[in-house]
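Visitor: Sending over a structure as structure tokens; questions will come in a sec.
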Amino acid sequence: MATIFQQAITIQGNAFFASDFHLGVPNEKESNIRERKIVQWLDEIKLECTHLFLLGDIFDYWFEYKDVVPRGYIMLLAKLQELHESGITIYYFTGNHDMWVQDYFSQTFGAIVFRKQQAFVINGKRCMVGHGDGLGPKDLGYKFIKGVFAFRPNRKLYGCLHPRHSFAIARFFSHKSRTMTSADEISYMGDDKEMLVQYCQQIIQHEDIHFFIYGHRHLMIEKNIGDKAVYFNIGDWISHYSYLEFKENDGPKLKQYDK
């Protein structure tokens, strides 16, 4: 029987995970304040970090044209370039708000880009890592819409729009989506409604996994799945300023940046 760990990436060292920065919202001023805090955190971990995982929705909206990328975010991009040049490996998982990442991040700061979850063996532990959207048995409407957005011809058609118009359309739907889902993001809904929990419970029936590490949910969650696995959701940098630290000689730990 094939296993998802046949294509696993094996790494050793100090890994840090963060997601859901949603830079760009709710306005430029507050986004800049949050970006400065993120950069400060990255600056503080750079001496011990060997692998940095960015698990999606780093930007509230991102679309790359051949010659145009969204304006701003220079503080974060410059810091990521610095980390790359210092020898830190950066893994970028696309989320539902930045699924249209192309090659800009790989060319600018050497990021290894993933468009779906990926199996890793981190410090000897078997881990599933990803943004977390679209997993689980339900939410068929979202999965359909994501498929439409990810379809290459549709991306090309959208790219024919002038950036001023395409960005305005994306921001409108991003705001509408956040308004509709904000109530679900503030509290844990129970094992029978949390789709990522249900997904993890399904996967451990046929895979030997130590840790599931996801974002997307905007909550700090650490939950045992069965007898051996643990599901981590690493929260966000809108409300929690949270991240996961997985050092070489220690297990993964959820933390909050409080400076």
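The values are calculated or read from the model by the stated rules, or taken from the named source; none is laboratory data. Everything numeric in this text was worked out from a predicted model, so none of it was measured. All Cβ positions, glycine included, derive from the backbone under ideal geometry; neighbour counts span all protein chains shown. Each accessible area value is taken on the protein alone, full model and side chains, heavy atoms only, with ligands, DNA and RNA left out. Shrake-Rupley method; radii C 1.70, N 1.55, O 1.52, S 1.80 Å.
Visitor: Can you confirm whether GLN256 is modelled with pLDDT of 95 or more, open to solvent by 50 Å² or more (accessible area, probe 1.4 Å) and not basic (Lys, Arg)?
Guide: yes
Okay, residues lined up against (1) charged (D, E, K, R); (2) open to solvent by less than 20 Å² (accessible area, probe 1.4 Å); (3) in contact (Cβ under 8 Å) with a residue 60 or more places away in the chain; (4) under 30 Å from GLY124 (Cα atoms):
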{"residue": "THR3", "(1), (2), (3), (4)": "no, no, yes, yes"}
{"residue": "GLY13", "(1), (2), (3), (4)": "no, yes, yes, yes"}
{"residue": "ALA18", "(1), (2), (3), (4)": "no, yes, yes, yes"}
{"residue": "ASN27", "(1), (2), (3), (4)": "no, no, no, no"}
{"residue": "ASP43", "(1), (2), (3), (4)": "yes, no, no, yes"}
{"residue": "GLU48", "(1), (2), (3), (4)": "yes, no, yes, yes"}
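Visitor: Now for a separate question. Taking LYS66, is it modelled with pLDDT under 90 and among the basic types (Lys, Arg)?
Guide: Judged against the criteria, LYS66 is a match.
Visitor: Which one of the conditions (1) outside any loop (DSSP other than H, G, I, E, B); (2) open to solvent by 30 Å² or more (accessible area, probe 1.4 Å); (3) at pLDDT 95 or above does ALA119 fail to meet, given that it meets all the rest?
Guide: So ALA119 meets the others, but not (2).
Visitor: Does the range 40-58 contain at least one residue that is more than 18 Å from LYS255 (Cα to Cα) and basic (Lys, Arg)?
Guide: No, the range 40-58 has no match at all.
Visitor: OK, next. Only residues that are in contact with a helix residue (DSSP H, G or I) (Cβ under 7 Å, 6 or more places away or on another chain) and open to solvent by less than 10 Å² (accessible area, probe 1.4 Å): list them for the range 29-41, please.
Guide: GLU35, ILE38
Visitor: Which ones in the range 85-102 are crowded, with 17+ Cβ neighbours inside 10 Å and more than 16 Å from the chain's Cα centre (by Cα)?
Guide: Listed by number, the list holds a single entry, ILE88.
Visitor: Let me ask something else about it. With the requirement that a residue be of a type in the set (Gly, Ala, Ser) and either within 16 Å of ASP133 (Cβ to Cβ) or open to solvent by 10 Å² or more (accessible area, probe 1.4 Å) (or both), what does the range 210-233 give you?
Guide: GLY215, GLY226
Visitor: If only one of PHE167, PHE114, PHE105 is buried (at least 16 other Cβ atoms within 10 Å of the Cβ), among the hydrophobic types (A, V, I, L, M, F, W, C), closer than 22 Å to VAL25 by Cβ and modelled with pLDDT of 90 or more, which one is it?
Guide: That would be PHE105, the only listed residue that is buried (at least 16 other Cβ atoms within 10 Å of the Cβ), among the hydrophobic types (A, V, I, L, M, F, W, C), closer than 22 Å to VAL25 by Cβ and modelled with pLDDT of 90 or more.
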